[in-house]
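To keep things clear, I will list the structure first and then write my remarks on it.
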There are 6 protein chains.
Amino acid sequence: MTTVADILQYMDTLAPRYMKMDWDNVGLLCGSRTAPVTKILVALDPFEGVCQEAAEWGAELIVTHHPLIFQALKSITDETSIGRGIQILCRNGISAINAHTNLDCAPGGVNDVLAARLGLQNIQVISPAGTNEEGIPYGLLRCGEVGEQALDDFLADVQVALGCEGLRYVDGGKPVRKVAVGGGSCAGAMLEALHAGCDTFVTADIKYNQFWDAKDLGLNLIDAGHFHTENPVVAVLAEKLQAAFPNVEVKISENHADCMKFY
Amino acid sequence: MTTVADILQYMDTLAPRYMKMDWDNVGLLCGSRTAPVTKILVALDPFEGVCQEAAEWGAELIVTHHPLIFQALKSITDETSIGRGIQILCRNGISAINAHTNLDCAPGGVNDVLAARLGLQNIQVISPAGTNEEGIPYGLLRCGEVGEQALDDFLADVQVALGCEGLRYVDGGKPVRKVAVGGGSCAGAMLEALHAGCDTFVTADIKYNQFWDAKDLGLNLIDAGHFHTENPVVAVLAEKLQAAFPNVEVKISENHADCMKFY
Amino acid sequence: MTTVADILQYMDTLAPRYMKMDWDNVGLLCGSRTAPVTKILVALDPFEGVCQEAAEWGAELIVTHHPLIFQALKSITDETSIGRGIQILCRNGISAINAHTNLDCAPGGVNDVLAARLGLQNIQVISPAGTNEEGIPYGLLRCGEVGEQALDDFLADVQVALGCEGLRYVDGGKPVRKVAVGGGSCAGAMLEALHAGCDTFVTADIKYNQFWDAKDLGLNLIDAGHFHTENPVVAVLAEKLQAAFPNVEVKISENHADCMKFY
Amino acid sequence: MTTVADILQYMDTLAPRYMKMDWDNVGLLCGSRTAPVTKILVALDPFEGVCQEAAEWGAELIVTHHPLIFQALKSITDETSIGRGIQILCRNGISAINAHTNLDCAPGGVNDVLAARLGLQNIQVISPAGTNEEGIPYGLLRCGEVGEQALDDFLADVQVALGCEGLRYVDGGKPVRKVAVGGGSCAGAMLEALHAGCDTFVTADIKYNQFWDAKDLGLNLIDAGHFHTENPVVAVLAEKLQAAFPNVEVKISENHADCMKFY
Amino acid sequence: MTTVADILQYMDTLAPRYMKMDWDNVGLLCGSRTAPVTKILVALDPFEGVCQEAAEWGAELIVTHHPLIFQALKSITDETSIGRGIQILCRNGISAINAHTNLDCAPGGVNDVLAARLGLQNIQVISPAGTNEEGIPYGLLRCGEVGEQALDDFLADVQVALGCEGLRYVDGGKPVRKVAVGGGSCAGAMLEALHAGCDTFVTADIKYNQFWDAKDLGLNLIDAGHFHTENPVVAVLAEKLQAAFPNVEVKISENHADCMKFY
Amino acid sequence: MTTVADILQYMDTLAPRYMKMDWDNVGLLCGSRTAPVTKILVALDPFEGVCQEAAEWGAELIVTHHPLIFQALKSITDETSIGRGIQILCRNGISAINAHTNLDCAPGGVNDVLAARLGLQNIQVISPAGTNEEGIPYGLLRCGEVGEQALDDFLADVQVALGCEGLRYVDGGKPVRKVAVGGGSCAGAMLEALHAGCDTFVTADIKYNQFWDAKDLGLNLIDAGHFHTENPVVAVLAEKLQAAFPNVEVKISENHADCMKFY
């Protein structure tokens, strides 16, 4: 019988715990290592709706990218979304596992998937934080090459590849040849992208002054949305889990989608 | 129908939130304000055994002195006692309310009950932190008088009154006339007791150097146990809740007792 | 002869220094109080392009909302945009004045202008920080009413009123009746908007988790862009300066515009 | 002629300074390295009574486990016990040497003596902090084995071996086979004892929540008193000093005893 | 019989404790409140030589400006000057009282005496920190007027008045009319002196950049030495103590003098 | 054509950046790496007068020891000396380079020049911080030997060698044989000088308690002035720059001198 502990152990091969940032919270954040698992629901976020979907489907485990608990909790009541989510999980005996910055950094993780989805060639880790036991470098950002093209052409490709309703960007004044990617909020690492020789950086949650900094630095900076830059890893994660645990039913959340819209 | 919110509101009259210490965590720490309540289990601590007892008895609410969550939580798993307790509560839809340092300080709270149980006369608040809306002072410690007696006689009375298996103490070299009390770990407030003119201080969790400090200061210092100095408030709390909510069944935990023994 | 000191003094009546946040940097950040002023260039930001435009036009002063120096400087070289801007100003004897969070908070400042531009009625300060010498409250956010309408209709109005190329938003599930506004990055004050009874909040630089928080809270949250929510104050500032100093030529920057585009 | 410096040097072989905790204060805390020594008084604590006894007996040196000064001093007056102690020492030209956490950790120190006194077999250091120059590991806690027995039987042995008036304990639900010891306040290291495979932990100054933690962890936790768990080292220290300095008179304090009593 | 407590009480009328800086250490720093006093040695510093002089003369008390203990002590050995001083005091039963920043600030204290010694007229407190119970302002710096004169003339007067071997100064480019004084290291308060309308500031321990700052500000800044700017208070203190305690012998240290020389 | 970048690169061979203290600010603090250089003004400090002299002489670069910006700047106005200096530099297109603690520490830097100027023999680095790429040690202080002499004789030599108007010193009670030097404010490193076997230490900005500490330690401590202990490096720096860049005109500031005088 597959247990939560088995899934945890497998997740640790995909996204080893030593690859996470110091401040992060990953692993088994709710439930029980000894619980048997027959159904796993996979999603980007462990929000209330995802917990509810898992309960209704009869899953014993949710596997997500973002952590169920980020700010440590001083209460668990139905007055907060996180409290309601935990109550649903506990009431239905559902465990919650996540891999966050360890999955961002891991070979084959969030950013490798994002780079591949954008069709980058010759993908490399920017400023590797270390190497894994097989000598493969890991770290937050990836970069890769595309055939030289105008920024507008690249924007069109990004929108299609990631399924974004809209994009926000600043034109750094250069054609697109070498692209850095960092799913989620990575605009603070702009200089690393530049120092790696990139002309273009795809990330999310970009602020006003960051767009201006990019313009000053001559970097094309593209905000493709937190959800759309990270969500591609979910399908890959689901596939890998299904392959590793053929007797367990693995499903991607059917309801979870970006709540943010463009007008 | 009585709800958790009704009980919370009533608790706030017994132990107003503004009387708590800054670092404390009190109020509704688990569950739902809107949940109906027909059975309340009252105990000193919201430990796993108490949660289990509540579930078995069918209570929808536990009311305790110590908080369910003190150190903020980064996970809720069955690998910790607190995690197991929360899972039991959530699985059974049980809410958890507590009044901690606000109940220590409140008029009629932990320390007034302790002082009365010890038979002190002319009970006063030591260094009041403020006054409530009726002008009654509140604060952590209480002091009161006993007929002058030898320390040994007073020790015998304390043991009987609180039902302690044993006591630890240092003899400050004075007969007992004016006694300070602080349920739980209050030995750090030894100088306040002395400055209030007390010759004797009853509290708990006393450390080696604190016994020596008391001896140097000429203060009889008695460790009557954390449980036994605070538990008397539980019965009073249960009575008051029962009186205020006659249609709700209120019960004191039958299993919860001090785990520490003397040899 | 009008001097920089005269303009500073007038600016202090529009946006008194005591209204600024503790961490802010406002007032005369470059140049000389005694310099004569015949031409003032007004802009949202004191970026390099604005400094260059001022030099070419022959202005002796730029007046902006954002500060020339925010992070304190350890060098002033042409390797950074801010260094180049300061070198242009010093080379051409141009002073730089700004009013930042004091102008956000001041009656008639950034947020009153924004609220008026959006056609809000019965405009109020949310959680006032104090009152000015005339007893008028000041503070960061404003709220006001609109005729009840669907969110989509309101979004269309916002886009037109502020001239935004695009908007990002989350639908809180309510029609629009009472709207809070906070130019720039104010999403962190979401709860204040909610507590003031607002169903809708217009601000900028909104992050992924903030959109989700708003959805959980049932608040329509609209990101209309940092530039577009703050820039309306520039025209008002220019008008007021022109009216107060009729012998000085006041011009709004012709080149400065949002660098961020939508795709 | 033996001097204080000679004793210090010898003490450093018994309890090298590099074995102490960072926050600790050890070595020569009062007096003079060059003072001749003919009489040494040895005690657990350098309290006022011990200083007085040293003065009356004519000792030039006291050697203790606890430091004369722990909190750094801003005054030395007769209003505090520590001030009176220092005044007695200075008035009588008595030096004060101590070995505190370095003696706790050293091979043959506080915890090895405690383990031996309890009759443990196959004594090991738990989580060694390092090894000394002879390759012998050192560290805070020790563990060792006893013939399997009921907790009650072990409690009886502890009481006799250490001469305790009473013991406090929690029953972890296991028979006693492998015992960890940490003289003084070591309950915070409970998990290390558990991870070393111990079923029982003898230490002191245990608090309410620590007893409960032990119960949850299934660990027999015994509070045998700060004095009684550390004092055994005093006799050993006196013997070793006497052997090393046959021409010096070495005496254990006749007055110093635990001030805490049981009732 | 006069006791140390009597002197302490009197000192508190001259230099009340509430006038001291937060970080300061003043009052009875060694000895005993109950000790009888027949001889008091007064000096600027409680250095080893002063302690020795007190012992040889048979004083039971030293009264100084600087504190015996400033950095809190972790040991008292003859390897440090402060350790030797304390050992001399304790061995001879000598108490040590000081008034430091409270005497700097007090009406009639260090800075009033310094201002008077320099012949300033119309002496005022600069930026008073408060008023004493008689409504007289107190604070660190004093200012006063002199007949307008060249800086050189004033320097000559300062040297004679304070008995300085030499002076260091920067010429601020102004004649001397209004002078600020701050005994000891007060150059950090240069701007307060300037804002009080002073053209000249007499203090000590002035650093390179502070001389340049003064020159930039157009302030004559004079370093008359830490000793020579503070020592005048010693004679006044001795006189006042003698007048208040006619039966006690009060003497100024005969040996203590500035150790710093000019070449 | 020589550029600022060429000078920077050369300066980095004289005083490599890795030799600076963590808190220091060195290198190009104003101007442009690409600016051509035909005239360099060299001075100890980049004060306003030096900036003005550079402008009048037509220099494109000033090279100094002290940094143009030390405390990071939040404004650049003509109300401060540093603001005026930067405005002069920017207005005249003058760059500013400095080497501060890296030049103090570098072989051949401030302290080697000072030691040589004082005629010390067998000059060594005290407590080297490391070695450069040629294996030569670097670090803050230097020491060296002189023929044994009375302190008075050495003082006379120091005054002549450094051209000091006056000296301040304390007599440590020893003849002069081995001398430590630390240009500027290095008195805090007194114990390092002592541990290196020095009897005498020449530095600057010495405070009252530091003179007394030196006396207690038996160290002759000499304050030869911040300017006079550091300025000797200026001539050496000018010579080296001239030799390295024969086509550039290099001049030592004619106006910059110590502002502090003795009386």
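The values are calculated or read from the model by the stated rules, or taken from the named source; none is laboratory data. Fair warning: this is a prediction, and the values are worked out from it, not measured in the lab. We place every Cβ from the backbone using ideal geometry, glycine too, and count neighbours over all the protein chains shown.
Looking at this structure, is residue B:222 closer than 21 Å to residue B:110 by Cβ, at pLDDT 95 or above and in contact with an Asp or Glu (Cβ under 7 Å, 6 or more places away or on another chain)?
Answer is no for this residue.
Return a yes/no flag: does region E:52-69 have any residue that is within 18 Å of residue D:82 (Cα to Cα) and in contact with a strand residue (DSSP E or B) (Cβ under 7 Å, 6 or more places away or on another chain).
Within region E:52-69 (the criterion being within 18 Å of residue D:82 (Cα to Cα) and in contact with a strand residue (DSSP E or B) (Cβ under 7 Å, 6 or more places away or on another chain)), the answer is yes, since at least one residue qualifies.
Please give the helices (runs of 4 or more DSSP H) falling wholly within region D:177-263 in which 3 or more residues are away from chain B (no Cβ under 13 Å).
Answer list for region D:177-263: D:190-195, D:232-244.
Looking at this structure, is residue C:78 surrounded by 17 or more Cβ atoms within 10 Å (Cβ to Cβ), over 21 Å from residue C:232 (Cα atoms) and not hydrophobic (A, V, I, L, M, F, W, C)?
yes
Mind listing whichever residues of region C:197-236 are among the aliphatic types (A, V, I, L, M) and over 11 Å from residue C:169 (Cα atoms)?
Answer for region C:197-236, where residues must be among the aliphatic types (A, V, I, L, M) and over 11 Å from residue C:169 (Cα atoms): C:217, C:233, C:234, C:235, C:236.
Does region C:37-49 include one or more residues that are without any contact (Cβ under 8 Å) to a residue 60 or more places away in the chain and either closer than 17 Å to residue C:94 by Cα or touching a strand residue (DSSP E or B) at 6+ places or on another chain (Cβ under 8 Å) (or both)?
yes
Of the numbered conditions (1) away from chain D (no Cβ under 14 Å); (2) touching a strand residue (DSSP E or B) at 6+ places or on another chain (Cβ under 9 Å); (3) surrounded by 21 or more Cβ atoms within 10 Å (Cβ to Cβ), residue B:128 satisfies every one except a single condition; which is it?
Unmet for residue B:128, out of (1) away from chain D (no Cβ under 14 Å); (2) touching a strand residue (DSSP E or B) at 6+ places or on another chain (Cβ under 9 Å); (3) surrounded by 21 or more Cβ atoms within 10 Å (Cβ to Cβ): (3).
Inspect region F:35-51 for any residue being surrounded by fewer than 24 Cβ atoms within 10 Å (Cβ to Cβ), farther than 30 Å from residue F:186 by Cα and within 11 Å of chain C (Cβ to nearest Cβ) and give the result as yes or no.
Among the residues of region F:35-51, at least one is surrounded by fewer than 24 Cβ atoms within 10 Å (Cβ to Cβ), farther than 30 Å from residue F:186 by Cα and within 11 Å of chain C (Cβ to nearest Cβ), which makes the answer yes.
Just one of (1) more than 26 Å from residue A:35 (Cα to Cα); (2) touching a residue at least 12 places away in the same chain (Cβ under 8 Å) trips up residue B:22, so point out which.
Status for residue B:22: all satisfied but (2).
Based on this model, can you work out whether residue E:103 counts as of a type outside the set (Phe, Trp, Tyr) and in contact with a strand residue (DSSP E or B) (Cβ under 7 Å, 6 or more places away or on another chain)?
no
Could you pull out the residue among A:150, A:180, A:106 that is over 14 Å from the mean Cα position of the chain (by Cα), in contact (Cβ under 8 Å) with a residue 24 or more places away in the chain and buried (at least 17 other Cβ atoms within 10 Å of the Cβ)?
Within the list A:150, A:180, A:106, the selection yields A:180.
Does any residue of region B:241-249 turn out to be at pLDDT below 95 and surrounded by fewer than 16 Cβ atoms within 10 Å (Cβ to Cβ)?
no
Kindly indicate the residue of region D:198-223 that is of a type in the set (Asp, Glu) and under 22 Å from the mean Cα position of the chain (by Cα) and also surrounded by the fewest Cβ atoms within 10 Å (Cβ to Cβ) among those meeting that condition.
It comes out as D:205.
Do you know which residues across region E:68-101 are under 19 Å from the mean Cα position of the chain (by Cα) and more than 7 Å from chain D (Cβ to nearest Cβ)?
E:68, E:70, E:71, E:96, E:97, E:98, E:99, E:100, E:101
Restricting to region A:131-145, give me the number of residues that are hydrophobic (A, V, I, L, M, F, W, C) and surrounded by fewer than 18 Cβ atoms within 10 Å (Cβ to Cβ).
Residues in region A:131-145 being hydrophobic (A, V, I, L, M, F, W, C) and surrounded by fewer than 18 Cβ atoms within 10 Å (Cβ to Cβ): 1 in total.
I'd like the full set of residues that are buried (at least 19 other Cβ atoms within 10 Å of the Cβ) and in contact with a helix residue (DSSP H, G or I) (Cβ under 6 Å, 6 or more places away or on another chain), limited to region F:1-27.
Those that are buried (at least 19 other Cβ atoms within 10 Å of the Cβ) and in contact with a helix residue (DSSP H, G or I) (Cβ under 6 Å, 6 or more places away or on another chain): F:15, F:19, F:20, F:26.
Pairs under 7 Å by beta carbon, first residue within 21 Å of residue A:39 (Cβ to Cβ) in region A:78-100, partner polar (S, T, N, Q) and surrounded by fewer than 24 Cβ atoms within 10 Å (Cβ to Cβ), six or more apart or different chains?
A:88/A:52; A:90/B:87; A:95/A:32
Which is surrounded by fewer than 18 Cβ atoms within 10 Å (Cβ to Cβ), closer than 19 Å to residue B:233 by Cα and free of Cβ contacts under 8 Å to residues at least 60 places away in the same chain, of B:161, B:156?
Going through B:161, B:156 in turn, just one is surrounded by fewer than 18 Cβ atoms within 10 Å (Cβ to Cβ), closer than 19 Å to residue B:233 by Cα and free of Cβ contacts under 8 Å to residues at least 60 places away in the same chain: B:161.
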